[in-house]
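Colleague: Would you mind keeping the following structure in view while I ask a few things?
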């Protein structure tokens with residue numbers, strides 16, 4: 001995509017971004033080497049099994065760390081309505097998890113006491129089989145809401161998965177999928193000043209859960225040794241720059257969950273405020289950003305990913321970016337490959353209601369289309385180039401609003417006929 | 001729709017709601033009689049002409065009151081980005097308008113000084129031809145944004161319309177349309193204690209403006225005599241209960257405008273805090289609510305109208321109602337005739353983020369489906385009845401959130417394939 005601006009910290013596009021780190025908006029970590037995607041960091045075992053929750057395919061997964069000093073961190077949805085797995089997992093401390101149990105097909109949301117009992121029972125059974133405490137097992141479910149998650153099948157699936165734990169994460173990464181087009185996973189070898197460690201993650205999301213709302217899940221493992229607070233800090237920062245920055249349809253799930261476990265099995269310790277932490281953090285950041293972008297580009301019916309960058313007053317940048325990213329008019333224009341910047345200005349103006357005069361600068365793929373809210377005069381040639389520039393797989397929008405000091409970005413998918421089909425034509 | 005709840009103040013459905021007041025959510029005013037839709041109140045003349053702004057059809061309209069003591073009130077979009085017609089019209093006092101000039105096809109938004117000059121010129125020309133002051137002419141344009149509104153054609157159209165002013169509003173109501181399926185208009189005869197008056201309105205909206213964002217316009221005329229502040233008060237209240245309560249896609253236009261003119265030609269004075277004002281207000285309220293519902297049901301590709309009523313703490317009801325009404329998941333479910341209440345709970349939970357526990361009661365078409373956020377057990381028979389109930393042209397959702405004292409409603413359209421087609425497949 002010629003004429004594209006150089007996004008913050010992004011490398012030039014081209015051959016060097018091949019492999020997992022496909023997006024020009026993700027800086028490929030310099031000290032990382034890609035491993036086979038199923039490769040688990042040392043100390044971890046995993047499995048995915050078919051428990052009959054889905055009509056076919058894997059639907060229950062377990063990841064466990066065999067290291068007793070494993071540390072962990074977690075993030076959960078901020079929706080006031082949370083599923084039973086989130087409610088149960090968030091009850092205890094989440095800094096000493098040893099295992100995660102995940103299932104697809106049923107989200108176990110809004111099923112009352114029955115759902116809570118199923119979550120607690122699955123946690124207890126997994127803990128028992130893995131010889132850890134119940135609160136050391138993190139739960140995650142994704143799929144239909146307000147429908148009973150069949151407890152017996154889930155429990156059998158957990159037992160079966162525990163009996164089949166092995167040293168690759170491929171099955172696990174498939175067991176968490178719902179209507180995702182395919183698994184989202186990567187495994188990296190990192191060369192840190194203090195030694196070599198591995199970092200892996202499996203994610204799912206954005207496919208609709210026939211026909212309920214999307215959930216994003218992400219499971220991170222590393223064999224680096226990190227204090228729980230260091231891991232929590234890194235996960236906090238990286239989630240804010242990845243899964244918190246994406247929108248398929250502006251809808252917040254009841255089940256969004258990120259679990260990160262550090263087994264320490266590499267013997268390499270990552271201390272705070274060291275070059276080790278910096279490089280580890282860069283790799284984690286790139287990994288989660290690319291996974292977040294995979295979720296957006298796998299948005300229901302999505303064919304194109306947009307990135308809106310907003311600069312200006314701190315309190316304005318977030319609402320303006322969200323208004324643009326969530327506008328169905330902007331999203332349909334993105335789908336149509338239409339450089340319809342009037343819709344971007346309108347969405348920004350809506351977020352800035354009551355703050356006239358409207359003085360916004362707008363660039364699309366590095367081309368200035370509006371200055372101070374007014375159309376920038378373009379020659380026919382410039383217009384044709386702009387039209388061409390918005391037909392690629394990634395389209396960048398940059399807005400400057402009044403004020404200074406704030407900058408944010410949101411990645412978003414387009415809105416297509418398929419979105420409507422997935423969400424309207426299927427029945428509950 | 002059997003089993004439907006009795007909405008606030010709505011009459012039972014059936015034969016008595018035939019005619020213009022089709023929605024069960026609009027109380028048919030008891031003292032009103034429907035006139036032929038083009039009938040103008042006394043003192044007004046109007047015309048709609050084809051000025052070549054559209055490829056075919058009427059596109060420039062003028063309404064004028066011949067009474068020098070005419071009073072008026074206006075409401076404009078709150079979008080920080082406003083079109084030149086709004087900017088120019090809002091500059092002056094809007095309590096003494098004598099005429100409105102409207103055009104379709106071009107919205108005159110984001111066209112810089114050229115657009116402002118065209119708006120001022122059109123206002124000056126109309127004022128001159130009608131022998132009123134420039135600030136007594138209200139402007140409204142709807143159509144493509146960020147494209148030049150051809151000034152010469154507009155001016156010629158205004159001159160032609162003024163030369164053809166007559167005593168019906170049919171042409172005017174057609175000249176303001178863009179991709180509306182048809183005109184939205186009504187004319188009423190009101191029997192007030194102090195005498196008979198007429199009340200008429202013409203509206204447009206929700207059709208997309210190939211391919212730009214929707215605008216709603218509404219023009220109200222009455223031959224009752226009202227002090228400008230009384231008219232302003234009534235318009236304020238009624239707009240809040242009508243055009244402020246609808247959402248096709250959550251997108252706020254840059255050009256939304258309501259103008260109300262009272263000629264006083266009936267000789268009947270409507271004073272504040274009288275039975276006259278009460279009845280006049282009821283009729284105006286019903287008129288604007290029905291027109292607002294016409295806009296929603298004419299939403300791009302819309303086939304069904306939803307009403308979400310939220311009760312609870314004052315600061316919660318509005319964000320929850322907007323979250324439900326604007327959720328593409330709720331809208332696609334409405335389109336599919338799917339009683340997918342998990343999506344409603346999820347949208348409510350998103351608006352209530354950070355306010356757990358989630359204790360929300362939900363009724364759909366008067367049937368309780370969730371209590372305190374948990375699924376209400378339903379028999380197969382009850383479920384089948386619910387599924388049937390959501391296939392009608394109007395579907396009602398009632399949510400009770402924590403707290404008390406607040407109540408609001410939002411009317412919204414469904415989201416269909418046609419919406420995507422209209423907004424993605426057309427090119428700028």
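Bear in mind that the values in this text are calculations on the coordinates, not laboratory data. This is a predicted model, so every value here is computed, not measured. A quick note on method: Cβ atoms are made from the backbone with ideal geometry, for glycine too, and the neighbour counts reach across all protein chains shown.
Colleague: Take the Cα atoms of the stretch B:227-386, build their convex hull, and give its volume per residue in Å³.
Modeller: Per residue, the Cα convex hull of the stretch B:227-386 comes to 161 Å³.
Colleague: For the ranges B:343-352, B:395-404, B:288-297, what's the packing order if you count other beta-carbon atoms within 10 Å of each residue, average per peptide, and put the highest first?
Modeller: B:343-352, B:288-297, B:395-404
Colleague: Counting only other chains, and only Cβ atoms inside 10 Å, what mean value do you get across the residues of B:137-148?
Modeller: Mean inter-chain Cβ contacts per residue within 10 Å come to 2.
Colleague: When you look at the Cβ of every residue in B:367-373, what mean number of other chain Cβ atoms sits within 10 Å?
Modeller: 2
Colleague: Right, another one. Inside 10 Å of the C-beta atoms of B:326-338, what's the mean count of C-beta atoms belonging to other chains?
Modeller: 6
Colleague: From Cα coordinates alone, what are the radius of gyration and Dmax values for the stretch A:310-418 in angstrom?
Modeller: When restricted to the Cα atoms of the stretch A:310-418, Rg and Dmax are 13.3, 39 Å.
Colleague: So for each of B:234-247, A:252-265 I average, over its residues, the number of other beta carbons within 10 Å; can you give me the resulting order with the highest mean first?
Modeller: Order by mean packing, descending: A:252-265, B:234-247.
Colleague: Among DSSP bridges having both ends in the stretch B:305-425, what percentage is antiparallel? Round to the nearest 5. Don't jump to the answer; show the numbers that get you there.
Modeller: Numbers: 18 of 25 bridges.
Bridges in the stretch B:305-425 are about 70 percent antiparallel.
Colleague: With a cut-off of 8 Å between alpha carbons and a minimum separation of six or more residues, what is the relative contact order of chain B in percent? Show your work: numbers first, answer last.
Modeller: Values: 1050 pairs, mean separation 78.2, N = 428.
Contact order relative to length: 18 percent.
Colleague: Sticking with this structure for a sec: For chain B, find the longest principal axis of its Cα atoms and tell me its angle to the long axis of helix B:341-351, 0 to 90°, nearest 10.
Modeller: For helix B:341-351, the angle is close to 70 degrees.
Colleague: With both partners inside the protein assembly as shown, how many of the DSSP beta bridges are antiparallel, as a percent to the nearest 5?
Modeller: Numbers: 112 of 156 bridges.
Around 70 percent of the beta bridges assigned by DSSP in the protein assembly as shown are antiparallel ones.
Colleague: Shortest first and in nm with one decimal, please list how far the residue A:378 label point sits from its counterparts in the other copies (point 7 Å along Cα→Cβ).
Modeller: Nearest to farthest, the other copies are at 4.8 nm.
Colleague: Right, something else. Provide the packing ranking of A:98-107, B:57-66, i.e. peptides ordered by the mean count of other C-beta atoms within 10 Å per residue, highest first.
Modeller: Descending mean neighbour count gives A:98-107, B:57-66.
Colleague: Considering only the label points, 7 Å along Cα→Cβ from Cα, what distances in nm to one decimal separate residue B:148 from the same position in each other copy, shortest first?
Modeller: 7.0
Colleague: Considering only the label points, 7 Å along Cα→Cβ from Cα, what distances in nm to one decimal separate residue A:275 from the same position in each other copy, shortest first?
Modeller: So the distances to the same position in the other copies read 9.1 nm.
Colleague: For the stretch B:31-297, what number results from the quotient of the Cα radius of gyration and 2.2 N^0.38 Å?
Modeller: Dividing the Cα Rg of the stretch B:31-297 by 2.2 N^0.38 Å gives 0.91.
Colleague: Given the -39500 (n - 2.57) contribution per DSSP H run of 4+ residues, what per-residue ellipticity at 222 nm results for chain B, rounded to the nearest 500 deg cm²/dmol?
Modeller: Taking each H run of at least 4 residues, the total per residue is -9500 deg cm²/dmol.
Colleague: Cα centroids of the stretch B:126-185 and the stretch A:180-198: how far apart, whole angstrom?
Modeller: Cα centroid of the stretch B:126-185 versus Cα centroid of the stretch A:180-198: 64 Å apart.
Colleague: How many angstrom separate the Cα center of the stretch B:42-114 from the Cα center of the stretch B:225-260?
Modeller: Cα centroid of the stretch B:42-114 versus Cα centroid of the stretch B:225-260: 15 Å apart.
Colleague: At a Förster radius of 41 Å, what calculated FRET efficiency corresponds to the Cβ-Cβ distance of residue B:315 and residue A:181, to the nearest 0.05?
Modeller: Result of the calculation: an efficiency of 0.50.
Colleague: Which number do you get for Rg(Cα) / (2.2 N^0.38 Å) in the protein assembly as shown? Each step should come with its number before you reach the end.
Modeller: On the way: Rg = 29.5 Å, N = 856, 2.2 N^0.38 = 28.6 Å.
Taking N as the residue count of the protein assembly as shown, the ratio is 1.03.
Colleague: Within the stretch B:264-303, whose backbone N sits under 17 Å from a point 7 Å along Cα→Cβ of residue B:233?
Modeller: Zone members listed by number: B:269-285.
Colleague: Moving on. For chain B, give the share of DSSP beta bridges that are antiparallel, in percent and rounded to the nearest 5; count only bridges with both residues there.
Modeller: Here the antiparallel bridges make up roughly 70 percent for chain B.
Colleague: Relative to the first principal axis of the alpha-carbon coordinates of chain A, what is the inclination of helix A:380-389, with its axis defined by its Cα atoms, in degrees from 0 to 90 and to the nearest 10?
Modeller: Tilt of helix A:380-389: around 0 degrees.
Colleague: Moving on. With contacts defined as alpha carbon pairs under 8 Å and 6 or more residues apart, what's the relative contact order of the stretch B:305-425 in percent?
Modeller: It rounds to 47 percent for the stretch B:305-425.
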